[in-house]
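Let me begin by presenting the structure, written as structure tokens, before commenting on it.
The values are calculated or read from the model by the stated rules, or taken from the named source; none is laboratory data. Not measured: the values here are computed from a predicted model. Quick reminder, even Gly has a Cβ in these numbers, built from the backbone with ideal geometry, and neighbours come from all protein chains shown. We work out accessible area using only protein heavy atoms, side chains counted, and drop any ligands, DNA or RNA first. Shrake-Rupley method; radii C 1.70, N 1.55, O 1.52, S 1.80 Å.
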Amino acid sequence: IMLFASCGKKEEGATKGEEKVVIKLSTKFVEDEQTAKSLKRVAEKILERSNGNIEIQVYPGGQLPIGKDSMEQVVSGANWISVDGLNFIGDYVPDFNAINGPMLYKNFDEYLAMTQSDLVKKLKAEAEKKQIKVLSLDYLFGFRSMLTDKEVKVPEDLNGVKVRVPTSQLYMYTLEAMGANPTPLPFTEVYSGIQQGVVDGLEGSLMTIYGTKIYEVRKQVSLTNHLLGVSAVSISKQVWEGLTEEQRTIIQEEFDAGAKYNNDVTVELEKEYKVKLEELGVKFNEVDLAAFNKETSKVFSKFPKWTPGIYDEIMSELEVIRSK
Ligand code: G3P
């Protein structure tokens, strides 16, 4: 893994006297998924706006280390940007998992308001102490639902069903609470995992189901909407501080604008995905949300490392958000 630490480099740039910055960006999302497209668009804008001075090389589909390994690159100070679940920052600052806990948000806007709160600003400051500069928490890819081979309506329907989850304790606890047997696997192994019977199904957003073509092996979506699919964009604090103020401004502003673009497009695309998936033979069914909600609420008391009272803090923040 350390192999990659030396890959990022500074070169003589387009502008005389200024060093060109080259940063690798690693993500699990495959080329066909909107998040990967949005990130490529951000990289193009940054290259253009910096007159070729800042080159962010986007590596989709897990070509480079992802998840925990990608975050290790960030923490170790490589020229590296990691785009992955909040839970991987949560490995360093556990409360990041809590703000992405199950069944918290009714829509994208509630979550996006939460990431602007003082509570989350505090968490970002904590992350900096661990050498992680969080550039964005706002790359959304949709609420996650069950994709299995049978209708799931109540938690009991998931008993004995092996469901692939990302390698994250939050997902393990959530799917366990929902009645399933969660099995952590990197996404790249899910398609063959289903074919070989390692897992019976998975949970994911419509973007994931459509974009990765995983619908080819499973056809029943049960709309649990249990977790919001969000990606965090992180860079090493040391690398960040080594950039000029102008470079930092360009990068930050373009990732912010890119998140907004990504989310607007995603809201529209989700409607299309549903229609397209139905055309491809995928069936959708509603579930007993209250029954699932009752089970998943237990997840918030399961984490020994979360700050005591974090759930109440989040809920009162949400109340403020909802009253606006
Ligand atoms: O390309 C995979 C992505 O859409 C979802 O990955 O690990 O969050 O389920 P994951």
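Accessible area of the chain with a 1.4 Å probe: how many percent of it is carbon plus sulfur?
50 percent
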Quiz item: Once you list every other residue whose beta carbon is under 12 Å from the beta carbon of Asp118, what net charge do they have if Lys and Arg are +1 and Asp and Glu are -1?
Solution: +1
Quiz prompt | Packing-based order for 44-51, 208-215, using average beta carbon neighbours within 10 Å, highest first | solution = 208-215, 44-51
Self-check item: Under 5 Å, built H, 5+ apart or other chain: amide partners of Val161
Solution: Asn181
Quiz item: Of the peptides 100-106, 189-195, 306-312, how do they stack up when ordered by the mean number of other Cβ atoms within 10 Å, highest first?
Solution: 100-106, 189-195, 306-312
Quiz item: Just from the alpha-carbon atoms, what are the Rg and Dmax of the chain in angstroms?
Solution: 19.7, 66
Self-check item: Range of Cα positions in region 62-115 per principal axis (Å), largest first
Solution: 36, 21, 16
Exercise. Quick one: which residues, 5 or more positions from Val230 or on another chain, have an amide H under 5 Å from its amide H? H modelled 1.01 Å from N in the peptide plane, none for Pro or chain starts.
Key: Leu86, Phe141
Quiz item: Considering only protein heavy atoms, what per residue accessible area in square angstrom results for the chain with a 1.4 angstrom probe?
Solution: 44 Å²
Quiz item: Using the Karplus equation 6.51 cos²θ - 1.76 cosθ + 1.60 (θ = phi - 60°), what ³J(HN,Hα) coupling, rounded to whole Hz, does each residue of region 216-223 give in order, writing x for Gly and Pro?
Solution: 5, 10, 9, 10, 10, 9, 10, 7
Quiz item: Too long at a 22 Å Cα-Cα cut-off: which of Lys260/Lys298; Lys20/Lys121; Lys106/Lys213; Lys68/Lys237?
Solution: Lys260/Lys298; Lys20/Lys121; Lys106/Lys213
Quiz item: Which FRET efficiency value, to the nearest 0.05, do you get for Ala290 and Asn51 by plugging their Cβ-Cβ distance into 1/(1 + (r/R0)^6) with R0 = 51 Å?
Solution: 0.40
Practice problem: Just order 155-164, 65-74 by mean Cβ neighbour count inside 10 Å, highest at the front, would you? | Solution: 65-74, 155-164
Practice problem: Report relative contact order for the chain in percent, whole number only (criteria: Cα-Cα under 8 Å, sequence separation at least 6). | Solution: 23 percent
Quiz item: Taking every eigenvalue of the Cα gyration tensor of region 186-308, multiplying by 5 and rooting it, what semi-axes result, largest first, whole Å?
Solution: 33, 22, 17
Self-check item: Cα radius of gyration and Dmax for region 110-242 (Å)
Solution: 17.0, 53
Quiz item: Taking Cα atoms, how many degrees apart are the long axis of helix 310-323 and the longest axis of the chain, rounded to 10 and kept between 0 and 90?
Solution: 90 degrees
Quiz item: Long-range amide H contacts for Lys24: which residues qualify at under 5 Å (H placed 1.01 Å from N, peptide plane, sequence gap of 5 or more or a different chain)?
Solution: Gln57, Trp80, Ile81
Exercise. Could you grab the relative contact order for region 57-156? Cα pairs under 8 Å, six or more apart, rounded to a whole percent.
Key: 21 percent
